[in-house]
1. Kindly provide the helix-only [θ] at 222 nm of the chain, computed as the sum of -39,500 (n - 2.57) over DSSP H runs of four or more divided by all residues, to the nearest 500 deg cm²/dmol?
2. Out of all Cα-Cα pairs in the chain, roughly what percent, to the nearest whole number, are more than 27 Å apart?
3. Please report the relative contact order for the range 12-156, taking Cα pairs under 8 Å with a sequence separation of at least 6, and give it as a percent rounded to a whole number.
4. Past 28 Å, Cα to Cα, is the threshold; run LYS27/LYS136; LYS104/LYS138; LYS7/LYS78; LYS82/LYS104; LYS82/LYS151; LYS18/LYS136 against it and keep the listed order.
5. Multiply the residue gap between ASN129 and ASN157 by 0.36 nm, knock off their C-alpha separation, and tell me the result in nm, one decimal place.
6. Show the residues, 5+ positions off or on another chain, whose built amide H is closer than 5 Å to the amide H of ILE68.
7. About its Cα centre, what dipole magnitude does the range 12-156 give when the only charges are +1 on Lys and Arg Cβ and -1 on Asp and Glu Cβ, stated in debye to the nearest 20?
8. How many percent of DSSP beta bridges within the chain run antiparallel, rounded to 5?
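Read-outs: derived from the displayed coordinates by stated rules, not from any lab. Given the structure is predicted, the values throughout are model-derived calculations rather than measurements. Cβ placement follows ideal geometry from the backbone for every residue including glycine, while neighbour counts extend to all protein chains displayed.
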Amino acid sequence: MLEIGDKAPLFCLKNSEKEEICLNDYKGKWVVLYFYPKDQTPGCTKEACDFTANLNLFQDLNAVVLGISADSVESHTKFVQKENISFPLLSDESFNVIKAYGAKDSGSILSRLMSLAKRMTFLIDPEGNIAYIWSKVKVTGHTFDVHQTLKNLIEHNDVQVR
């Protein structure tokens with residue numbers, strides 16, 4: 001189980017355009033790394049659209065947003081196009097990154113049958129350390145909460161766990 005202050009596990013995954021995106025690509029920036037269960041489902045669509053609608057707020061704080069699920073690159077491509085998502089969605093069909101971050105959902109029967117990721121979010125600081133973790137995410141208001149937390153961490157150079 002990852003904790004605040006741990007080095008964020010490194011990864012390279014393909015995005016919806018089949019380009020390889022690596023966590024190291026964002027060294028020197030804050031990274032909002034969120035895991036979600038399934039493309040084009042109501043909660044996941046709302047979360048992705050909320051991050052897209054507020055992307056400029058994160059960019060103003062030198063932060064990027066990355067979404068990860070076990071969906072295929074092709075599924076991500078359809079999702080990005082349909083919802084006009086303007087940040088990378090990364091495909092982790094092997095579950096290697098999902099497991100490394102402790103985001104493998106095995107709690108419900110549905111998640112065991114479909115192999116889903118848990119809805120979790122990590123804030124990774126510019127040095128690659130985990131600065132904040134949301135292990136239980138409620139979609140409504142989550143983007144605002146992440147933005148406020150990031151802003152507070154930057155302003156107070158503070159580390160908290162939730």
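1. -9500 deg cm²/dmol
2. The share of Cα pairs beyond 27 Å in the chain comes to 15 percent.
3. 30 percent
4. Too far apart for the 28 Å limit: LYS7/LYS78; LYS82/LYS151; LYS18/LYS136.
5. 8.8 nm
6. Answer set, sorted by chain and number: TYR34, PHE35, TYR36, LEU90.
7. Result for the range 12-156 is approximately 480 debye, rounded to the nearest 20.
8. Numbers: 16 of 25 bridges.
For the chain, the DSSP antiparallel bridge percentage is about 65.
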